[in-house]
Amino acid sequence: MNPVLVTGGSGYVATHLIAALLRQGRPVRTTVRSTAREEALRVAVRRGGGDDTALEVVPADLMADDGWPAALAGCAEVHHVASPIPSVQPEDPDELIVPAREGTLRVLRAARDAGVRRTVLTSSFAAVGYTPRPDAASAGYTEDDWTDPDMPGLAPYPRSKTVAERAAWDLMEREGGGTELVVLNPTGVFGPTLTTELRSSTQLVKAMLDGTMQVAPRHRFGVVDVRDLADLHLRAMARPEAAGRRFLAVADGATTSFLEVAALLRRHFGAFAERVPTQEAAGDDLPRPVIHNDRARDVLGWRPRPLETTLTETVESLRELGLLEATG
């Protein structure tokens, strides 16, 4: 059986996706910038129920051509998950935009040249709904919407995701060969971590619980469970009708806020969550955008977990890995 390539194997989403593929009995090859992280990756995959004897780890950097032909040799399917996600926004937007765009194009060209059947690309809701709209709380956002990368004041991260995804579609239209492209646009990705190296969303949950986040940021956002995003990757690869389409990945129901997340954690975990913020940062009222997941549900049969399950199981995973201490 040909291996499936997953880029950025040590990442939050990729570890769950690799474990899911291995649970299906699929051999997996994954790329990492440095093989020094290989053992931690294998531990994470085993923690997710995957048999890592069917996992091959190879070095490849999104900013260099070396390694990609070998990584793709014999692969008919590619899940391109790797992408830079900053803890703080850089002053120079090109620090994010160039790696995001060029890395994506490098993987797509290499996949095309290797005769890959389909690539499923993890983009972001940041490429869909970061241009404010007066009807965001009523009509909402669908896969037909795009963030305007030239909008004044747009942060580097949503600009980088928009530019990279646009470049991906343009490349496939011009010179994609026989390779199909599917794009997933997740909202905020939360859910259990398989590693002790925390990423952006799990860092936020930890900061809420340990008191580091004393005031909740004023923000409204959608949530998707990392396990459901991995499942959507599998469905997007398997279903013929997914070819050439975008799919928003977001849990059912309304968008949420950090203050609402804090209240949910306090309700579920009591004294353990006594340090979560009880106030939101000052500012104007923000619209609560509607984000539609109908296409993923209807076309791919996707059924995401509820927000409450995702958030409580995120905390439970942090506790199980010893990344949180009781407060009393």
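Our summary of shape: the Cα atoms of the range 248-328 have principal axis extents of 47, 36, 17 Å, ordered from largest down, in whole angstrom.
The GNM of the chain, with springs linking C-alpha atoms under 10 angstrom apart, assigns the highest mean-square fluctuation among Arg159, Arg37, Arg112 to Arg37.
Sorted by average packing, counted as other Cβ atoms within 10 angstrom per residue and highest first, what order do 27-35, 303-311 take?
27-35, 303-311
When the range 190-328 is described by a simple charge dipole with +1 on each Lys and Arg Cβ and -1 on each Asp and Glu Cβ, the residue from Asn293, Leu323, Gly253 located farthest towards its positive end is Asn293. The distance separating the Cα centre of the range 100-118 from that of the range 245-311 comes to 33 Å. Angle check, please: helix 94-113 long axis (alpha carbons) against the longest principal axis of the chain (alpha carbons), in degrees 0 to 90, nearest 10. Result, in degrees: 40.
Once the convex hull of all Cα atoms in the range 162-287 is built, its volume per residue stands at 154 Å³.
Here are several values of Cα extents along the principal axes in Å: (i) 85, 62, 29; (ii) 72, 57, 33; (iii) 53, 45, 40. Which one was derived from the coordinates shown? Answer label, from the structure shown: (iii). Can you figure out the FRET efficiency of Arg117 with Asp66, using R₀ = 22 Å and their beta-carbon distance, to the nearest 0.05? It comes to 0.35. Peptides 240-250, 183-193 ordered by packing proxy, namely the average of other Cβ atoms within 10 Å per residue, highest first: 183-193, 240-250. Using only side-chain charges placed at the Cβ, +1 for Lys and Arg and -1 for Asp and Glu, the dipole size of the range 179-328 relative to its Cα centre rounds to 260 debye. With contacts taken as Cα pairs under 8 Å at a separation of at least 6 residues, the chain carries a relative contact order of 18 percent. Ordering Val45, Gly67, Ile97 by the projection of their Cα atoms onto the charge dipole of the range 34-97, which places +1 on the Cβ of Lys and Arg and -1 on the Cβ of Asp and Glu, puts Val45 at the extreme positive end. Pairs of alpha carbons in the range 1-44 separated by more than 17 Å make up 22% of all such pairs. Rounding to the nearest 10 and keeping the result within 0 to 90°, find how far the Cα-based axis of helix 307-320 lies from the longest principal axis of the chain. Long axis of 307-320 versus the principal axis of the chain: about 90 degrees. Tell me the angle of helix 258-269 to the major Cα principal axis of the chain, expressed in degrees between 0 and 90 and rounded to the nearest ten. Approximately 80 degrees, to the nearest ten. Taking every C-alpha pair closer than 8 Å and separated by at least 6 residues, the mean separation divided by the residue count of the range 1-85 gives a relative contact order of 41 percent.
Taking the Cα centre of the chain as the origin, how large is its charge dipole in debye, to the nearest 20, when only Lys and Arg (+1) and Asp and Glu (-1) carry charge on their Cβ atoms?
Values: 37 positive and 45 negative charges, 149 e Å.
Its charge dipole is roughly 720 debye.
Once the Cα-Cα distance is subtracted from the 0.36 nm per residue extended length, the Asp210 to Asp284 segment shows a gain of 23.9 nm. The amide H of Thr30, built 1.01 Å from its N in the peptide plane, has Val6, Glu56, Val57, Val58 as neighbours under 5 Å, considering only residues 5 or more places off or on other chains.
The numbers here are math on the coordinates, done by the rules we state, and not lab data. These figures come from a predicted structure and were not determined experimentally. Reconstructed Cβ throughout: ideal geometry from the backbone, glycine too, with neighbour counts over all protein chains shown.
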